[in-house]
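Since the structure comes first, as structure tokens, the remarks are kept for the end.
What follows draws every value from the coordinates through simple rules; no lab data is involved. In this text, all values refer to a predicted model and were calculated from it rather than measured experimentally. Cβ coordinates were reconstructed from backbone atoms using ideal geometry, including for glycine residues, and neighbour counts include every protein chain displayed.
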Amino acid sequence: MIVVSLSYKVSLDVVEFHIPAHLEWLDACYSEGLFVASGRKSPRTGGILLSTAPLDEVTAAVQRDPFYVNGVADFDIEEFVPNRVAEGYEALLPESGTTTA
């Protein structure tokens with residue numbers, strides 16, 4: 001699983017200007033099956049993206065995000081291997097998944 005943490009580095013006015021293009025990018029990524037969840041942080045300092053796609057595919061997609069292209073946010077991309085999930089979230093486990101909590 002890949003966790004992408006976005007941290008805004010510009011004012012929210014600038015973020016708002018780029019949101020329509022960012023949402024189009026997100027729609028395309030969801031259509032490609034790249035992300036399983038996304039949303040803004042609270043307080044509104046950035047966002048989080050979750051993916052089960054390979055790291056190189058997520059990294060390439062992030063580099064096309066208008067927030068990335070226009071310097072709106074810093075991106076921290078981390079990979080982790082879940083070994084336990086709540087019932088109903090088994091799809092988040094790697095193919096050799098282990099258990100549910």
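Counting other Cβ atoms within 10 Å, which trypsin sites (Lys or Arg not before Pro) in the range 28-101 have at most 11 and lie in a DSSP loop? Passing sites in the range 28-101 are ARG44, ARG64. Per residue, the chain reaches -9500 deg cm²/dmol at 222 nm when only DSSP H runs of four or more residues are counted, each adding -39500 (n - 2.57). The antiparallel fraction among DSSP beta bridges confined to the chain stands at about 90%.
Using only Cα atoms, find the angle between the long axis of helix 12-31 and the longest principal axis of the chain, and express it within 0 to 90 degrees, rounded to the nearest 10. Orientation of helix 12-31: about 40 degrees from the principal axis.
Taking the chain as a Gaussian network of alpha-carbon nodes connected by springs under 10 Å, the highest mean-square fluctuation of the residues ALA86, ALA21, ALA53 belongs to ALA86. Taking GluC sites (Glu not before Pro) as candidate sites, keep only those in a DSSP loop with at most 16 other Cβ atoms within 10 Å, then name the longest stretch of the chain containing none of them. It runs 33-86. Would you indicate which of [x] 14.1, 39; [y] 14.5, 45; [z] 13.1, 43 is the value of Rg and Dmax of the Cα atoms in Å derived from the coordinates of this structure? Identified label for the calculated read-out: [y].
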